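What follows is a single structure, written as structure tokens, with notes after it.
The values are calculated or read from the model by the stated rules, or taken from the named source; none is laboratory data. Values in this document were obtained by computation on a predicted structure and should not be read as measured data. A quick note on method: Cβ atoms are made from the backbone with ideal geometry, for glycine too, and the neighbour counts reach across all protein chains shown.
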Amino acid sequence: MSESYLDDNMLITRAQRGDRSAFNTLIRKHETRAYQYAFRLTRNPEEAADVVADAFVRIFNALHNFKGQSAFTTWMYRILTNCYLDVKKKEKNRVTTSLEAVLQTQEGEVERQIEDPSASPYDDTERTVRERSIENAVSLLPEYQRAMIVMYHAESMTYEEIAAALDLPVGTVKSRLNRARVSLRELLVKDEELFKI
Amino acid sequence: MNQERARDFFSAYYEGNLDAGLRQSFELNLRSDAILQSDYAAFVETVHELEALKHEQIEIPIFLSDRIATRLELAQGKPKSGFPGWTGWLRGLAFTGLAAAAIIFAFPFFHGGSDLKTAGPNLASDLDQVAFKVDGNKVVLRYQPSSIKTVVISSPTSGKEVQRFSLNGQRLESPIENPLPKSAVFKIEALGDKTSTILAVPGQSMEPTKAGEGTVQDLALALAGHYRVPVEVEAADVTHRVSWNFSSSDARAAANQALESEGFSVDQRQDGLIEILDR
């Protein structure tokens, strides 16, 4: 039987009783979805993988508290979002270094190696420039708004599911999501103006 | 209803969820306000464009499963013996579809900077370059750079990244084991360094093929498979073509025979690891 058909609640119950293979199966079943969500938030493979790894650690540690009142995926999204927000909080508290900065080593100065997160020319041929600007604009939104936009428009979650994942009233989700869409529109307009010839 | 207030209802109106009274008021504003009309049209366009988000193809990195497994082990404070039961399948998954599928990077140990002080004055300089230690049927990758470094392990044939470690003064010890029958080859690179290292790790079976030709990297793979010894290659050009015939029962002699007239030197350490260097 494909793992995608295994019931989450059954796996969780088994994992709560100490069955490691059940927890392994749970990870295997959801790691792709978790990563896609994390990547859409971070736009960075390393950071996204860290968010997912941290989230599964939290899930493992809190598994005994999971009562099944919401779907496992809803709980997973909540934890992923919290992990992502924690990463961003840490980043804000960290002293930033200029991209042009050099590292001082015993062998002298070494240019900082930073991976260019932008798409390769190949990617550009595969996707439209407009899609890229949408993704870029989403990445410029405040973290909470970004999470909501990704949950609704990329992960196809309902307002109720988002509300459960973020522990917010549905009305708040709706109004914040509206604000996020309006902000996104403004960001896209700025983007258009910037590249207008 | 002013423009700002009207914008608050864009989503609800678009989704048809605005109650009758508000909808009437909103539509009245919309009809009489050209700016609002333009804003709303742009809003609708944005919502349509957001549909593209769900169609974005996101490649899952091969290191994801390994990252999860490692983080879980670290969180549980697993001892070294924690390898590989808990993470074996995760790591197996991590290499699915990769030519270099054979390798298992066991639980990596990171020793904090304080070890530098306690482990003796020469340790930091000894490990300032990527080094290997043979430990039973495992090869342990050891590295303690004196500056911030990132070590990337990849498949030299496909170029796919298998593992990445970011180090900032810690000492890395990452056991590498190959549970599959055939030998496997890896490229280990400290980003920013001019040279990289090729490591061939023997599999679980002896590969009987004795004669062959190919690159120095291919030779390393063949040596590891036939003699079941790890082979490290540090050379600027690992694509240099050579031919070999393992007529000797001794791995070092066989490697030397293939390389002696090709500008490479061969040595075998006490722990069995064959080192191939360009002179």
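Inside the stretch B:49-72, can you point out the residues that are of a type outside the set (A, V, I, L, M, F, W, C), under 18 Å from the mean Cα position of the chain (by Cα) and assigned to a helix (DSSP H, G or I)?
Listed by number, the residues that qualify are B:S65, B:D66, B:R67, B:T70, B:R71.
Does the stretch A:158-171 contain any residue that is assigned to a loop (DSSP other than H, G, I, E, B) and polar (S, T, N, Q)?
yes
B:H48 passes all but one of (1) crowded, with 19+ Cβ neighbours inside 10 Å; (2) in the same structural domain as B:F10 (by TED's automatic domain parsing); which number fails?
Only one criterion in (1) crowded, with 19+ Cβ neighbours inside 10 Å; (2) in the same structural domain as B:F10 (by TED's automatic domain parsing) is unmet by B:H48, namely (1).
Of the residues A:T81, A:T42, A:T25, only one is more than 12 Å from chain B (Cβ to nearest Cβ), surrounded by 15 or more Cβ atoms within 10 Å (Cβ to Cβ) and not aliphatic (A, V, I, L, M); which? Steps first, answer last, please.
Working: A:T42 fails: more than 12 Å from chain B (Cβ to nearest Cβ); A:T25 fails: more than 12 Å from chain B (Cβ to nearest Cβ).
None of the other options fit; the residue is A:T81.
Could you give every pair whose Cβ atoms fall below 7 Å, whose first residue belongs to the stretch B:255-271 and is of a type in the set (V, I, T), and whose second residue is part of a helix (DSSP H, G or I) and surrounded by 12 or more Cβ atoms within 10 Å (Cβ to Cβ), counting only separations of at least 6 or pairs across chains?
B:V266/B:R252; B:V266/B:A255; B:V266/B:N256; B:V266/B:L259
Sort through B:F43, B:F26, B:F10, B:F63 and tell me the only one that's closer than 30 Å to A:F56 by Cα and surrounded by 15 or more Cβ atoms within 10 Å (Cβ to Cβ).
Within the list B:F43, B:F26, B:F10, B:F63, the selection yields B:F63.
With B:K187, B:K149, B:K194, B:K160 as the choices, which residue is in contact (Cβ under 8 Å) with a residue 60 or more places away in the chain and not hydrophobic (A, V, I, L, M, F, W, C)?
After applying the criteria, what remains is B:K160.
Just to check your reading of the model, which residue among A:V52, A:V57 is within 9 Å of chain B (Cβ to nearest Cβ), surrounded by 15 or more Cβ atoms within 10 Å (Cβ to Cβ) and in contact with an Asp or Glu (Cβ under 9 Å, 6 or more places away or on another chain)?
Being within 9 Å of chain B (Cβ to nearest Cβ), surrounded by 15 or more Cβ atoms within 10 Å (Cβ to Cβ) and in contact with an Asp or Glu (Cβ under 9 Å, 6 or more places away or on another chain) holds for just one of A:V52, A:V57, which is A:V52.
Considering only the stretch A:7-22, state which residues are of a type in the set (G, A, S) and either in a helix (DSSP H, G or I) or within 12 Å of another protein chain (Cβ to nearest Cβ) (or both).
A:A15, A:S21, A:A22
Taking the stretch B:29-40 on its own, how many of its residues are crowded, with 16+ Cβ neighbours inside 10 Å and within 14 Å of chain A (Cβ to nearest Cβ)?
The total comes to 3.
Listed here are the residues, each with its yes/no results for (1) hydroxyl-bearing (S, T, Y); (2) surrounded by fewer than 15 Cβ atoms within 10 Å (Cβ to Cβ); (3) touching a Cys at 6+ places or on another chain (Cβ under 8 Å); (4) not assigned by TED's automatic domain parsing to the domain that holds B:D128.
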site: B:T215; (1), (2), (3), (4): yes, no, no, yes
site: B:V238; (1), (2), (3), (4): no, no, no, yes
site: B:V266; (1), (2), (3), (4): no, no, no, yes
site: B:L277; (1), (2), (3), (4): no, yes, no, yes
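Among the numbered criteria (1) within 11 Å of chain B (Cβ to nearest Cβ); (2) modelled with pLDDT under 90; (3) loosely packed, with under 13 Cβ neighbours inside 10 Å, which one does A:V129 miss?
(1)
Select, from B:A184, B:A200, the only residue that is over 25 Å from B:D128 (Cβ atoms) and buried (at least 16 other Cβ atoms within 10 Å of the Cβ).
Details: B:A200 fails: over 25 Å from B:D128 (Cβ atoms).
Going through B:A184, B:A200 in turn, the sole match is B:A184.
Going by the structure shown, is B:L172 over 16 Å from B:A251 (Cα atoms) and outside the structural domain of B:G263 (by TED's automatic domain parsing)?
yes
Tally up the residues in the stretch B:14-23 that are surrounded by 15 or more Cβ atoms within 10 Å (Cβ to Cβ) and within 10 Å of chain A (Cβ to nearest Cβ), please.
Residues meeting the conditions: 1.
Sort out which residues of the stretch B:127-156 are within 14 Å of the chain's Cα centre (by Cα) and in a loop (DSSP other than H, G, I, E, B), and write them in order of number.
Within the stretch B:127-156, the first condition is being within 14 Å of the chain's Cα centre (by Cα), and the residues that meet it are B:141, B:150-156.
Scanning the stretch B:127-156 gives B:S155, B:P156.
Within the stretch B:1-22, identify whether any single residue is on the phi > 0 side of the Ramachandran plot and under 52 Å from the mean Cα position of the chain (by Cα), and answer yes or no.
The answer is yes, given that some residue of the stretch B:1-22 is on the phi > 0 side of the Ramachandran plot and under 52 Å from the mean Cα position of the chain (by Cα).
Spot the failing condition for A:I134; the list is (1) at pLDDT below 90; (2) surrounded by fewer than 18 Cβ atoms within 10 Å (Cβ to Cβ), and only one is missed.
Exception for A:I134: condition (2).
Taking the stretch B:148-168 as the region of interest, how many residues are surrounded by fewer than 20 Cβ atoms within 10 Å (Cβ to Cβ) and away from every other protein chain (no Cβ under 12 Å)?
So the answer is 5.
Report, by residue number, each residue of the stretch A:64-78 that is part of a helix (DSSP H, G or I) and loosely packed, with under 15 Cβ neighbours inside 10 Å. Let's see the steps before the verdict.
At the first step, the residues of the stretch A:64-78 found to be part of a helix (DSSP H, G or I) are A:64-65, A:72-78.
Passing the criteria: A:H64, A:N65.
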